[in-house]
1. Taking 0.36 nm per residue of separation and subtracting the Cα-Cα distance, what length does fully extending Arg110 through Ala73 add?
2. Could I have the simple spin-label model distance between Gln124 and Glu151, label points 7 Å from Cα toward Cβ, reported in nm to one decimal?
3. What lysines does Lys161 reach when the alpha-carbon gap must be under 16 Å and sequence neighbours fewer than 8 apart in one chain are set aside?
4. Near Ala138, within a Cβ-to-Cβ distance under 14 Å, what is the net charge of the other residues, with Lys and Arg +1 and Asp and Glu -1?
5. Would you kindly state how much longer the chain becomes between Gln216 and Ile39 on full extension, computed as 0.36 nm times their sequence separation minus their alpha carbon distance, in nm to one decimal?
6. What is the distance in Å between the Cα centroid of the range 24-42 and that of the range 68-121?
7. Just to check I understand the Karplus step: with θ = phi - 60° and J = 6.51 cos²θ - 1.76 cosθ + 1.60, what whole-Hz values come out for the range 101-115, glycine and proline as x?
8. Say R0 is 25 Å: what FRET efficiency, to the nearest 0.05, do Ala56 and Gln197 get from their beta-carbon distance?
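Every number here is computed from the coordinates shown, using simple stated rules; none is lab data. Note that the structure is a prediction, hence the values are computed from the model and not measured. No Cβ is skipped: glycine too gets one built from the backbone with ideal geometry, and neighbour counts run over all protein chains shown.
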Amino acid sequence: MSARLQNRHALLTGAGGGIGLAVAEAYLAQGARCTVADIGSTAPPALASLLKEHAARLQYVTADITRPDQIEALLETAVSRFGVPDVLFNNAAVFALAPLLESDEAMYDRLFAVNVKGMFFVMQKVLARMVEHGVHGAVINMASQAGRRGEALVAHYCASKAAVISYTQSAALAMAPHRIRVNAISPGVIDTPMWQQVDALFARYENLPLGEKKRQVGLAVPLGYMGAPADIAGAAVFLASDESSYITAQTLNVDGGSVMS
């Protein structure tokens, strides 16, 4: 199937690589115009290549979503070129881990500033534009299987992603009268560049050789392997399209069977 997002404008945060980049590619392939945002002052090489290929339907904006003024500037830039977004793929996030008794306030503040506060206010400001202009849009927030359960070394990250699930449900109920759907995706272990950082942290705190944690988590998935960004992109296209027009307030597990709900 193609052209499932024809003539729609998708705003994507955290789109410089990994899942965000894969979703941008999928949205473009389905006919969308895309405003992609990340914190880097220039687009990373893979995204720069995509920008050249799709210059008429793709723009990159530098934005730090922990800063309200930069969220406003991002939205203004998006609207000025492609109009009010029909789709928000709310993906920007950071990760950290430490033993519970060693986890400090700085780690807490950073994780919640991006994963919760930034996520919420990007969503709020996009929803406000949708309501103002009568856009019957779709919001997809990025949660995680970590938001479904606690983990000894990952307390703050787990809590931040649990908050994403909760805000998704509340926003979906608030926006239902406006026919705006709000859902989330809960990925399992996805093989992205971020896993190099994640694996190194686990190696440090669990006394493992580099690469061992990544091997272990892949084998622990019921399907027997880590997912790929394209696996998330398929779900993101579905939730943005009319095929999911009667789905809202849900968090879709895309995790190879790791979590059942």
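1. Working: separation 37, 0.36 × 37 = 13.32 nm, distance 2.15 nm.
This chain segment gains 11.2 nm when fully extended.
2. 2.9
3. Output for Lys161: Lys117.
4. Details: positive: Arg4, Arg8, Arg129, Arg179, Arg181; negative: Asp86, Asp242, Glu243.
Net charge around Ala138: +2.
5. Numbers: separation 177, 0.36 × 177 = 63.72 nm, distance 3.12 nm.
Here the segment from Gln216 to Ile39 would lengthen by 60.6 nm.
6. 17
7. With coefficients 6.51, -1.76 and 1.60, one gets 6, 10, 6, 9, 5, 4, 4, 4, 4, 5, 4, 6, 5, 8, 6 Hz.
8. Working: r = 35 Å, r/R0 = 1.40.
Given R0 = 25 Å and the Cβ-Cβ separation, E is 0.10.
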